[in-house]
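Everything on this sheet refers to the single structure shown next.
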Amino acid sequence: MTGLGSAFRTLVVAAAAGLLAVTGAVAAPAPPASAAPEPKAPREFVALSSVDRTIVQEMRYSTPHNFVGEPVDGYRQPLCILTRPAAEALHRAQLRLLARGYTLKVYDCYRPQRAVDHFVRWAKDLEDERMKGEFYPLVDKSRLFADGYIAEKSGHSRGSTVDLTIVRLPAVPTRAYVPGEELTECYAPRAERFPDNSVDMGTGYDCFDTLSHTDDPRIQGEQRANRQLLKGALVEQGFVNLPEEWWHFTFKPEPFPSTFFDFPVARRSVAGH
């Protein structure tokens, strides 16, 4: 019996040792993969403020005062980023306007693809019309794609397109939008629509209406002269206007004519450029 008991204990110990060996051979679970780093802008991109600090920046998509009604994906900071040729061309236009008592003001510059995707999701949600009263009062939301107001790609994502206006100096800051405040149509008389320190362009920025067409014949007098002042200053420096939007200009030739970038609008994206 003693011999059998000793043999049994030896067998148990050996089996336990084998189990430990097998257990030790199993690899520990791999730690979760770290998130991929955010993409950065190519060196051809710069913050506009590094080229011209006098141009006013009112970056609408980093705020809730836009047609979506909330800060847009990808706008981490209220910062204008452009390709360097576009930024330098804006600087040249700014010098001409400063001499006449005006300054440029940018509303949007480079726009990441993720922001465009946000616009597309919003446009497909026909229930969300919280900003309709200001930005698209006469447009059925179901028509935004067909009428060309929203698209799945934007020239802004290539880095040389800018939305902007002109402000008479000295520039008084535009008051902040208060979410939920009463909205007024973007084509209403200037004294009635949301206050903007811009000269009177006939409509507000991002107004989804044919009155926003740069040369709409209904826009006359001072409003028409202001649009032509903006267009003339920019065309002289190589920008091309989008006829459907008085505020929309693209510098030509574009350094990236067919590349749509998705790095976030943030200082780190152009750090060291």
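In terms of distances greater than 27 angstrom between alpha carbons, the cross-link table entries Lys105/Lys141; Lys105/Lys252; Lys141/Lys231; Lys105/Lys153; Lys124/Lys153 yield Lys105/Lys141; Lys141/Lys231. What shape does region 26-151 take by its C-alpha gyration tensor, where a ≥ b ≥ c are the square roots of the eigenvalues and a/c under 1.5 counts as rounded, a/b above b/c as prolate, and the rest as oblate? Here region 26-151 falls in the oblate category. Per-residue surface analysis assigns Ser50 an accessible area of about 80 Å², computed on protein heavy atoms at 1.4 Å probe radius.
As a fraction of the 1.4 Å probe accessible area of region 31-94, surface on carbon and sulfur atoms comes out at 56 percent.
Over region 159-273, the alpha carbon radius of gyration divided by the compact-protein estimate 2.2 N^0.38 Å works out to 1.21. Largest first, the three principal axis extents of the alpha carbons in the chain are 116, 42, 33 Å in whole numbers.
For the chain, find the longest principal axis of its Cα atoms and tell me its angle to the long axis of helix 221-235, 0 to 90°, nearest 10. Here the helix axis deviates by roughly 50 degrees. Taking the Cα centre of the chain as origin and assigning +1 to Lys and Arg Cβ atoms and -1 to Asp and Glu Cβ atoms, the resulting dipole is close to 1120 debye. Across the options Leu95, Trp122, Cys109, the greatest Cα extent toward the positive end of the charge dipole of region 84-131 (unit charges at beta carbon of Lys, Arg, Asp, Glu) belongs to Leu95. Per-residue Karplus couplings for region 168-182, computed as 6.51 cos²θ - 1.76 cosθ + 1.60 with θ equal to phi - 60°, are listed in order as 6, 7, x, 7, 9, x, 6, 5, 6, 6, 9, x, x, 5, 4 Hz, Gly and Pro entered as x. Heavy-atom surface analysis with a 1.4 Å probe gives region 130-232 a carbon and sulfur content of 53 percent of its accessible area.
DSSP finds beta bridges in the chain, and of those with both partners inside it, around 85 percent are antiparallel. Seen against the Cα atoms of the chain and their longest principal axis, helix 84-98 is set at about 30 degrees.
Where does region 56-110 land on the Kirkwood hydrodynamic radius, alpha-carbon pairs, in angstrom? For region 56-110, the Kirkwood estimate is 12.3 Å. Rg over Rh for region 216-271 works out to 1.12, using Cα positions for both radii and the Kirkwood form for Rh. The long axis of helix 2-25 is offset from the longest Cα principal axis of the chain by roughly 20 degrees. Working note: 222 nm ellipticity from helices only, DSSP H runs with n ≥ 4, each -39,500 (n - 2.57), summed and divided by the residues of the chain, gives -8500 deg cm²/dmol to the nearest 500.
Pairwise Cα separations in region 122-175 fall into 5 Å bins from 0 onward with the following percentages, short to long: 4, 14, 18, 16, 16, 17, 10, 4, 1.
Between region 123-141 and region 231-273, what is the C-alpha centre distance in whole Å? With region 123-141 and region 231-273 each reduced to a Cα centre, they are spaced 27 Å. Mean separation of Cα pairs under 8 Å and 6 or more residues apart, divided by the residue count, gives region 140-220 a relative contact order of 22 percent. Please compute the per residue accessible area over the chain with all protein chains in place, 1.4 Å probe, rounded to a whole number of Å². Result: 50 Å² per residue.
The values are calculated or read from the model by the stated rules, or taken from the named source; none is laboratory data. A quick note: this is a predicted structure, and the numbers were derived from the prediction, not measured. Because the Cβ atoms are built from the backbone with ideal geometry, glycine has one as well, and the counts that use them run over all protein chains shown. When the accessible area is computed, the model is the full protein with side chains, heavy atoms only, and any ligands, DNA or RNA have been set aside. Shrake-Rupley method; radii C 1.70, N 1.55, O 1.52, S 1.80 Å.
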